[in-house]
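What follows is a single structure, written as structure tokens, with notes after it.
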Amino acid sequence: MVRTSAWRRYNWRVIWLTLAYAILLIAAVYGFKHKLIPSSLTYPIAILPALPIIGLFAAMGRYLVEEQDEFVRMLMVRQTLWASGFALSCATIWGFLENFDLTGHLDGYYIVIVWYFGLGVGSVVNKLTLGEGGC
Amino acid sequence: MENRLRILRAERNWSQQDLAERLEVSRQSVNAIETGKYDPSLPLAFRIAELFDRPIEEIFVSPSRRSSKAI
């Protein structure tokens with residue numbers, strides 16, 4: 001990936017959001033484990049660790065808006081399309097396997113990891129189809 | 001899209017990086033345009049044309065004209 005200024009800003013946002021995720025997850029797990037959370041706050045607290053993850057998607061959207069190099073932006077758009085297609089396909093396949101009791105249950109948030117793996121797939125596709133220009 | 005970018009760049013002894021800096025894009029962008037793997041937007045095509053002080057059609061070969069020549 002070409003290190004543009006927009007890409008550097010995106011990386012910083014990812015670092016801060018990942019840090020926020022770790023802190024909120026640890027706090028939420030600790031709170032639930034030690035029964036420190038009042039019943040009225042269980043839903044908001046349970047959702048808290050999800051917010052930085054949602055922020056990661058927003059950060060990607062903001063990067064695409066801020067990226068001034070149109071070719072680099074096109075590469076990332078292609079990567080996100082591959083990632084989304086890959087993650088949705090995996091989720092669909094897993095859903096049917098789970099439905100027919102052929103696999104165990106997988107929590108929905110794992111799809112985020114699959115989506116990020118899909119970005120890697122997209123990067124490989126860019127390289128294969130665009131050669132050196134595909135970064 | 002077929003283009004004369006590599007020739008125009010070579011005439012000025014510019015590397016891809018030199019051209020990229022003048023256009024304020026990445027070297028990968030210049031490479032992708034030169035090799036015809038990426039068609040630049042109209043604003044970028046105009047920037048390229050203005051940099052080389054040529055009309056756009058002297059740098060980029062119109063796909064429709066290219067196909068009509070082939071016929």
Among the residues of segment A:6-38, how many are within 14 Å of another protein chain (Cβ to nearest Cβ) and either in contact (Cβ under 8 Å) with a residue 60 or more places away in the chain or of a type in the set (Phe, Trp, Tyr) (or both)? 2
Mind listing just one residue for me: the one in segment B:61-71 that is among the polar types (S, T, N, Q) and either in contact with a helix residue (DSSP H, G or I) (Cβ under 7 Å, 6 or more places away or on another chain) or exposed (fewer than 10 other Cβ atoms within 10 Å of the Cβ) (or both) and, of those, modelled with the highest pLDDT? B:64
Could you please let me know if residue A:78 is basic (Lys, Arg), within 14 Å of chain B (Cβ to nearest Cβ) and within 17 Å of the chain's Cα centre (by Cα)? yes
In the set A:21, A:30, the lone residue that is surrounded by 13 or more Cβ atoms within 10 Å (Cβ to Cβ) and modelled with pLDDT of 95 or more is A:21
Got a number for residues in segment A:76-135 being touching a Ser or Thr at 6+ places or on another chain (Cβ under 9 Å) and among the basic types (Lys, Arg)? 1
Within 26 Å of residue A:7 (Cβ to Cβ), crowded, with 17+ Cβ neighbours inside 10 Å, among the β-branched types (Val, Ile, Thr) and not assigned by TED's automatic domain parsing to the domain that holds residue A:8 - does that describe any residue in segment A:73-93? yes
Residue match in segment A:30-38 (condition: part of a helix (DSSP H, G or I), at negative phi and in contact with a Ser or Thr (Cβ under 6 Å, 6 or more places away or on another chain)): no
Select from segment B:26-39 the residues that are touching a helix residue (DSSP H, G or I) at 6+ places or on another chain (Cβ under 7 Å) and either among the aliphatic types (A, V, I, L, M) or more than 7 Å from every other protein chain (Cβ to nearest Cβ) (or both) and list them in ascending order. B:27, B:30, B:32, B:33, B:34
Considering residues of segment A:94-135 that are assigned to a loop (DSSP other than H, G, I, E, B) and either surrounded by 13 or more Cβ atoms within 10 Å (Cβ to Cβ) or not aromatic (Phe, Trp, Tyr) (or both) only, the residue farthest from the other protein chains (Cβ to nearest Cβ): A:101
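The values are calculated or read from the model by the stated rules, or taken from the named source; none is laboratory data. Note that the structure is predicted; figures quoted are calculated from it, not measured. Quick reminder, even Gly has a Cβ in these numbers, built from the backbone with ideal geometry, and neighbours come from all protein chains shown.
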